[in-house]
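The next block holds one structure in the form of structure tokens; read it before the comments.
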Amino acid sequence: MKSDKSIHNISIAAIKRSTMKPYDFKWTRFYTDNAEFIQWYSGIEIELSENELVICSTIIDADNFSVLTTRKLVTKENGTLMAGNRIGAKDKSHGDFKDYYAKKPLTFGSILLDNGRDLKYFIEVHKASMVMIHGVRTWIRTESMTNDQVEKVARIWTRQNENMADFKAPGAITSD
């Protein structure tokens, strides 16, 4: 069984790998630890098991949010709470995350749960969309990976992310 920490590490590495900086989105965040989530959203109560870690979220208000943890995806839409786990889940849709059609700041992604039920989740459109899309996608994919594979990929992606942080494109304008 994969540890919560290894699922968290690979998910955060995937998010950082695919999301353009700066990470200053209106509703969407990813978290290095649970304390960071609580610091930002003390009014959002998500029941966490021992060692369960918050990966990312899109939080509009207390009645409309999605939170991805290492064990479940939780969405509250108009006050109605829904949740599901990744076992047997399939990535289904990312909605209009580029905002081509609806011209709205939010869209819904969805996953198909093992029991045949769809579970929607909020996605903030444009650059922020990559946080929830890659968080959920990676979270689902870890089910078919071994713990060693998850840890190895997380290490590689984290190292690549760190190397890219130091990269300066030739001819780039910098403040140095």
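Name the residues in the stretch 62-100 that are at pLDDT below 95, in contact with a helix residue (DSSP H, G or I) (Cβ under 6 Å, 6 or more places away or on another chain) and not in a loop (DSSP other than H, G, I, E, B), would you? Of everything in the stretch 62-100, just one residue is at pLDDT below 95, in contact with a helix residue (DSSP H, G or I) (Cβ under 6 Å, 6 or more places away or on another chain) and not in a loop (DSSP other than H, G, I, E, B), namely 91.
Any residue in the stretch 81-98 that is of a type in the set (S, T, N, Q) and either within 19 Å of residue 129 (Cα to Cα) or within 15 Å of the chain's Cα centre (by Cα) (or both)? Looking for residues that are of a type in the set (S, T, N, Q) and either within 19 Å of residue 129 (Cα to Cα) or within 15 Å of the chain's Cα centre (by Cα) (or both), one finds at least one in the stretch 81-98, hence yes.
Does residue 32 satisfy being free of Cβ contacts under 8 Å to residues at least 40 places away in the same chain and under 20 Å from residue 129 (Cα atoms)? Here the answer is yes, as residue 32 does meet what is asked. Residue 50 fulfils the conditions (1) in a loop (DSSP other than H, G, I, E, B); (2) in contact with a helix residue (DSSP H, G or I) (Cβ under 6 Å, 6 or more places away or on another chain) except for a single criterion, (2).
Per-residue answers, yes or no, for (1) among the charged types (D, E, K, R); (2) at pLDDT 95 or above; (3) touching a Leu at 6+ places or on another chain (Cβ under 9 Å):
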site	(1), (2), (3)
6	no, no, no
13	no, no, no
22	no, no, no
27	no, yes, yes
45	yes, no, no
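Cβ-Cβ contacts under 6 Å between residues 6 or more apart (or on different chains), taken from a first residue in the stretch 54-72 that is more than 17 Å from residue 3 (Cβ to Cβ) to a second residue that is small (Gly, Ala, Ser), are listed as 56/135; 58/66; 62/43; 63/79; 67/57. Does at least one position in the stretch 101-120 carry a residue that is out of contact with any Lys or Arg (no Cβ under 6 Å at 6 or more places or on another chain), free of Cβ contacts under 8 Å to residues at least 12 places away in the same chain, of a type outside the set (S, T, N, Q) and assigned to a strand (DSSP E or B)? Among the residues of the stretch 101-120, not one is out of contact with any Lys or Arg (no Cβ under 6 Å at 6 or more places or on another chain), free of Cβ contacts under 8 Å to residues at least 12 places away in the same chain, of a type outside the set (S, T, N, Q) and assigned to a strand (DSSP E or B), which makes the answer no. Quick check: is even one residue across the stretch 3-16 in contact (Cβ under 8 Å) with a residue 12 or more places away in the chain, more than 12 Å from the chain's Cα centre (by Cα), part of a loop (DSSP other than H, G, I, E, B) and closer than 25 Å to residue 148 by Cβ? The answer is yes, given that some residue of the stretch 3-16 is in contact (Cβ under 8 Å) with a residue 12 or more places away in the chain, more than 12 Å from the chain's Cα centre (by Cα), part of a loop (DSSP other than H, G, I, E, B) and closer than 25 Å to residue 148 by Cβ. Of all residues in the stretch 14-34, those that are surrounded by fewer than 22 Cβ atoms within 10 Å (Cβ to Cβ), hydrophobic (A, V, I, L, M, F, W, C) and within 17 Å of residue 157 (Cβ to Cβ) total 1. In the set (1) surrounded by fewer than 22 Cβ atoms within 10 Å (Cβ to Cβ); (2) outside any helix (DSSP H, G or I), the condition left unmet by residue 148 is number (2).
Among the residues in the stretch 136-145, are any in contact with a Leu (Cβ under 7 Å, 6 or more places away or on another chain), at pLDDT 90 or above and part of a helix (DSSP H, G or I)? The answer is yes, given that some residue of the stretch 136-145 is in contact with a Leu (Cβ under 7 Å, 6 or more places away or on another chain), at pLDDT 90 or above and part of a helix (DSSP H, G or I).
The values are calculated or read from the model by the stated rules, or taken from the named source; none is laboratory data. Given the structure is predicted, the values throughout are model-derived calculations rather than measurements. Neighbour counts run over all protein chains shown; Cβ positions are idealised from the backbone, glycine included.
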